[in-house]
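Everything below concerns the one structure shown next.
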Amino acid sequence: MNGEPGSGPDPSVHQLRLLLVLAEELHFGRAAARLYISQPAFSRQIRRLEDHLGLVLLERSTRRVRLTAAGEALLPRVRAMVEAADRLREAVRAQAGTLAGRLVLGCYITALPVITTLAERLRERHPGLDVVLREVDFVEQTTALLEGRVDAVLAYAPMPPGVQTLPLATERQVVCLWEGHPLAGRTSVSLAELAGLPVVGSSPRVARVWRDFWAADPRPDGTPVTYTAHEATTFEAGISAVSRGLGIRFVSASCRELFPRPGIRYVDVPDAPVCTAVLAWSSARRDTPEVAALRRVVGGMVGMGGTHPNPRWWHTEHTESEGD
C-alpha cells in the first residue's frame, strides 16, 4: 500500500458494502456466497478497498479472518456511509415519481400460491419494479429480513424485535402425528393429551419467540416442552421426522389440505392458540419505496377472498405491528 492513509481515491459504496458483510461473516467464502459473487472477485474488491484507504482492515490466516483495530474503528463510519447512500437512492426515486428497482419477496413453501398472485399485482401496478421471489426457511424468514437479503416475507407470526408485520389471516393450529401413533386416529386432541410427546427440534438459529409459539412451549400449565435432537429449518424436514415416529409438530390447519403426506396425520388441537399469517419487513426499511408499495398492494388485497386456494390467508383486517 502506497501513500498516506486516506490519500488515495474514495472507495466505492459497493466496496464498503462488501466490508460490512465480511465483518459479519468473518469468512470470505460465506460472505461471497451471501452476495452471489465469486470469492476471488470478492477478495480483490476488499484488497482494492484497503489500497484506497491505505490501511489494513483485516487479519487473514488459513484458519480465520478478523478485523484489525483499524477495521473495527472504521466500521461504524462505513455503515453510516452505506446507509446514507441507500437513503440518497431512495430519495432520488421518490423525486422521480416512478418506482423502478428490485423487490425481493421471500416466502416459505406454504405461501407459494398467494405470493404468486401478490407478485403479479405488484408487476401490474409497478411495471418498472423487478419482483424477485425467493423461498426462505424458518431461519431465513427473519435473518434474511434483518440482514437486508430480502425486502419482505410472507410467513407466520410471531416475529422477533426489529420486524414489523401486517396481519393477513388467522387459522387454527393442528398437530402432525405419525400415522401409527395411538392419537392419530382421533378427530381432535388437547394440549394436555400431547404432554410428554417430544416436539421435533428446530435449529437454534430459528428465532426463539417463533420456535416457542410453534411448539406450544411452555404448555398452559407451565410445563416446558421436550424436544428431539433434530435441528429442522424447513417444513419438510419437520414432517419427515414425524413420519418416522420421532416426534410431533404443530402446523397451520391449511397444511392438511396443501401437504397430505404418507405416514402422517393432521389432528385438530382446539385449545391451541390460533396462528396468524403475516407480511413482514424490517422496521428499518418500512418506508423504502419498494416496501411501501408492497404494503399498499397487500393492504388492498386483504379480505378480498378467492385469491388463494385457502382464502383464510386474506380474512382479517390489517394493522401494522412490531414483532414481540
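Here, each number is a calculation from the coordinates, and none is a lab measurement. Just so we're clear, the structure is a prediction, and the values are computed from it rather than from any experiment. A quick note on method: Cβ atoms are made from the backbone with ideal geometry, for glycine too, and the neighbour counts reach across all protein chains shown.
Some values worked out for this structure:
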quantity: Counted charge near Leu197, where neighbours are those whose Cβ lies closer than 12 Å (Asp, Glu -1; Lys, Arg +1); calculated: +1
quantity: Likely footprinting exposure, Ser282, Ser12, Ser38, Ser252, fewest C-beta neighbours within 10 Å first; calculated: Ser38, Ser12, Ser282, Ser252
quantity: Relative pair counts by distance (%), Cα atoms of segment 13-94, 5 Å bins; calculated: 3, 15, 25, 25, 18, 8, 4, 1, 0, 0
quantity: Estimated vicinal HN-Hα couplings, Hz - segment 46-52 in sequence order (Karplus 6.51, -1.76, 1.60; Gly, Pro = x); calculated: 5, 4, 5, 4, 4, 5, 4
quantity: Charge dipole of segment 13-94 about the Cα centre (unit charges at C-beta), most positive-ward option of Leu35, Met81, Leu57; calculated: Leu35
quantity: Peptide ranges 73-81, 22-30, 205-213 listed from the most packed, as the mean C-beta count within 10 angstrom indicates; calculated: 205-213, 22-30, 73-81
quantity: Where labels lie 7 Å past Cα in the beta-carbon direction, separation of Arg102 and Asp212 in nm; calculated: 3.7
quantity: Proximal charge balance of Asp130 [Cβ under 12 Å; K/R count +1, D/E count -1]; calculated: 0
quantity: Sorted by Cβ density within 10 Å, fewest first, the residues Ser243, Ser188, Ser254; calculated: Ser188, Ser243, Ser254
quantity: Nearest-0.05 FRET efficiency for Leu183 and Arg134, computed from C-beta distance (R0 56 Å); calculated: 0.90
